[in-house]
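See structure below.
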Amino acid sequence: MNIHEYQAKQVFAKYGVPIPKGIMVESVDAAVEAAKELGGPIWVVKAQIHAGGRGLGGGVKLAKTLDEVRELADEILGMTLVTHQTTAEGKLVQKLYIEDGADIKDELYLSVVLDRKLEMPLIMASTEGGMNIEDVAEKTPEKIITVPVDPAIGFQGFHGRELAFGLGITDKAEQKKIISFAQKLFKLYMENDAEMIEINPLVKTGSGDFLALDGKMGFDNSALGRHPDIAAMRDLSEEDADEVEAAKYGLSYVALDGEIGCMVNGAGLAMGTMDTINYMGGTPANFLDVGGSANAETVAKGFEIILKNPKVKAIFVNIFGGIVRCDRIANGIIEATKITDVNVPVIVRLDGTNAPEAAQILKNANIANLIVGDDLGDGAAKAVAAAKQA
Amino acid sequence: MSILVNKDTKVIVQGFTGKEGTFHAEQCLAYGTKIVGGVTPNKGGQEHLGKPVFNTVAEAVKTTGATVSMIFVPPAFVGDAVMEAAEAGIELAVIITEGAPVKDMQMAKAYATKHGMKTLGPNCPGIITAEECKIGIMPGSIFKKGNVGLISKSGTLTYEGANQVCNEGFGITTAIGIGGDPIIGLSYNQILPMFEADPDTHAIVMIGEIGGDLEIQAAKLIKEQITKPVVAFIAGQTAPKGKTMGHAGAIVSGSAGTAKEKMEALEAAGVKVVVSPAEIGKAIAEVLGK
């Protein structure tokens, strides 16, 4: 789960990570009021969406007067922002963050992520703040400092010194400040089960202070149960509506561009099914994992979500029944076709426990548009053929 | 022969009396697995499925001599359960539970390693040595005894692969689901050498997916150490970037962890890489010369 910049900064503030003063608003008038309260003389008007690259897309702008704050708020609020991290359709800006302008001397980069190879958190820092860190990693990898921190020992002095010296900070007072900054950030990363925190840029001000000018945070979904305060920050309007709806029923759904709807049990087999359709000359319309306990209700919901997509010309149901017996799933599919109006060919492949009984049940049901696939390859081929005929 | 577990392996179940634990322990017992007891705090002294229940893993190990634990406790308690097993001297913990917090697994895996305990999972179907010992949730009936070792991040692709191998007239020595979470226990690079050393395993099926670089590391190891034929499939060639595909770890971040780079690395290591899981059985028949 990701949160907005303004929310990340609330978390930062709670842990004493220094941030510029700012106020989140949802209207132009409120933006001007917020600017008055902050006092100026310079403000930054920032679009709040869950994507990076907002500045380049025109979603972050500097205002020198209250009139400019009004103009910019009016311009940015309600605009559809397209950045390199959004889809081509972009994202609607519904919230703004009005922030004090900072006296920027240097722009740095600081993040904490999980290093899957080391199996522990990794602090990354760079003097090349304000740039896309993937570009920095590619062109000048020597400018990125990486400091793994074993959670069993936590953030120690040497971690801080490696960061400070790595960033070329020689002034002792400044060293102390950046070490304290990183230490607090690491603490909040661990305590909140964050998946990643990225501050880009982290700025050094004219007076030698460090401030988080931006803040991006993502959390481990599996741990949200123990962080109700973080879970409450979820903004559903930033997420794909169909994915959210699917998740309510225990379905894992991702929309794609193709024509063949897929309903599969298991994430690996679901991806493998998409790959097989592609290999056979078709195009998958979605990823959909119905999970380990597919029943009539979840299958019906799956059909409903897949069929919302007007591009879908055929549906391939590919289930490898393990503990769940195939005959039950077959009955579930028949039930589901009664609940939902399925108006495209449905190719069903059921394998595993009690598969022959299941095939018989499907044949006996005599449902129009229902085609039985013998195995994964056969089912995928029939689905591709059905979509081409449609 | 087989790897890691066989008909003599003594197994306990953590989360024994819960709904999932009960159902699957029953299935494992029916398969022939030597489940010698289970652990559920505050239910010690009772009997469940005809086996003793203990309050702690330490007590269960001391009384039964179990070396493997199958873990079904709820997600928030997985870390605790794994560390308890490690402390009690369990040699292999098979973690079936889905949705364990990643931070807990970092701590628990590091602690397990310190105690010399191997782990499998979390969020995996478990391990099965065909016709001897099933520790997990896979349908036992599809795994016929044979000479192919199987290792997979995905549960249903494990079944799909094993089923095809058996339909081609071959069978399985041991099949292992390693799970698709960001942090997992035993992985390709620990398990592949075990299959290499097992005289009964003549070929290996390796199923991977997008995200992380375990398959790339495996390609390096295969090139250097594995002489037996390996057939591989990597799921997610058609997965979009930046989207989590069901498994928490199955995500292409930036340009890293794509199916393409993994397939190329494996091919360069001499692995027979198939583009669809529907080809796994045929590929095994090819490499084993039938």
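The numbers here are math on the coordinates, done by the rules we state, and not lab data. Predicted model only: the values in this text are computed from it and were never measured. Virtual Cβ from ideal backbone geometry, glycine too; neighbours counted across all protein chains shown.
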The exposure ranking of A:Lys143, B:Lys260, fewest beta-carbon neighbours within 10 Å first, is B:Lys260, A:Lys143
Long-range amide H partners of A:Glu259 with built H, under 5 Å: A:Thr283, A:Ala285
Quick check: the distance between the Cα centres of the range A:210-227 and the range A:331-390, to the nearest angstrom? 43 Å
Return the Rg/Rh ratio of the range B:138-287 with Cα-based radii and a Kirkwood Rh. 0.94
Can you sort B:Phe23, A:Phe320 from fewest to most other Cβ atoms within 10 Å of each residue's own Cβ? B:Phe23, A:Phe320
How far is the Cα center of the range A:91-155 from the Cα center of the range A:1-67, in Å? 19 Å
Of the listed links B:Lys134/B:Lys282; A:Lys216/A:Lys248; A:Lys248/B:Lys103; A:Lys216/B:Lys114; A:Lys363/B:Lys241, those spanning more than 32 angstrom between alpha carbons are A:Lys216/B:Lys114; A:Lys363/B:Lys241
What are the GluC sites (Glu not before Pro) within the range A:41-105 that DSSP puts in a loop, where the Cβ has at most 13 other Cβ atoms within 10 Å? A:Glu89
For chain B, the longest principal axis of the Cα atoms and the Cα long axis of helix B:188-197 enclose an angle in degrees, to the nearest 10, of 90 degrees
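What is the Å³ per residue value for the convex hull set by the Cα atoms of the range A:21-101?
Considering the Cα atoms of the range A:21-101, their hull volume per residue is 70 Å³.
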Using Cα pairs under 8 angstrom and six or more residues apart, how large is the relative contact order of chain B, in percent? 14 percent
Give me Rg/Rg_expected for the range B:10-120, where Rg uses Cα atoms only and Rg_expected = 2.2 N^0.38 Å with N residues. 0.96
Quick one: helix B:155-167 against the long Cα principal axis of chain B, what's the angle to the nearest 10°, folded into 0 to 90? 70 degrees
Take every DSSP beta bridge with both residues inside the protein assembly as shown and express the antiparallel ones as a percent of the total, to the nearest 5. 50 percent
How high is the relative contact order of chain A, in percent, with contacts defined as C-alpha pairs under 8 Å that are six or more residues apart? 12 percent
Can you pull out the trypsin sites (Lys or Arg not before Pro) in the range B:1-56 that DSSP calls coil and that have at most 12 other Cβ atoms within 10 Å? B:Lys7
Rounded to the nearest 500 deg cm²/dmol, what is the calculated helix-only ellipticity per residue at 222 nm for the protein assembly as shown, with -39500 (n - 2.57) per DSSP H run of length n ≥ 4? -11000 deg cm²/dmol
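As a footprinting exposure proxy, order A:Ser27, A:Ser126 by other Cβ within 10 Å, with the fewest listed first.
The order, fewest Cβ neighbours first, is A:Ser27, A:Ser126.
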Determine, for each peptide in B:57-66, B:143-152, the mean count of other beta carbons within 10 angstrom over its residues, then list the peptides with the highest first. B:143-152, B:57-66
When the scattering of the protein assembly as shown is computed by the Debye formula from its Cα atoms alone, each counted once and equally, what is log10 I(q)/I(0) at q = 0.06, 0.07 Å⁻¹? -0.38, -0.51
Per residue of A:375-388, count partner chain C-beta atoms within 10 Å of its C-beta, then hand back the mean as an integer. 2
Calculate how steeply helix B:19-31 sits against the longest principal axis of the alpha-carbon atoms of chain B, using the helix alpha-carbon long axis, and give the answer as 0 to 90 degrees to the nearest 10. 70 degrees
Any chance you could tell me what percent of the C-alpha pair distances in chain A go past 34 Å? 45 percent
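Quick one: if you take sqrt(5λ) for each eigenvalue of the C-alpha gyration tensor of the range A:241-389, what semi-axes come out, biggest first, whole angstrom?
With the √(5λ) rule applied to the range A:241-389, the semi-axes are 19, 17, 15 Å.
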Could you work out, for chain B, what percent of all Cα-Cα pairs fall into each 10 Å distance bin, beginning at 0 Å and stopping at the bin that holds the largest distance? 7, 30, 35, 21, 6, 0
The relative contact order of the range B:10-120, taking Cα pairs under 8 Å that sit 6 or more residues apart, comes to a percentage of 24 percent
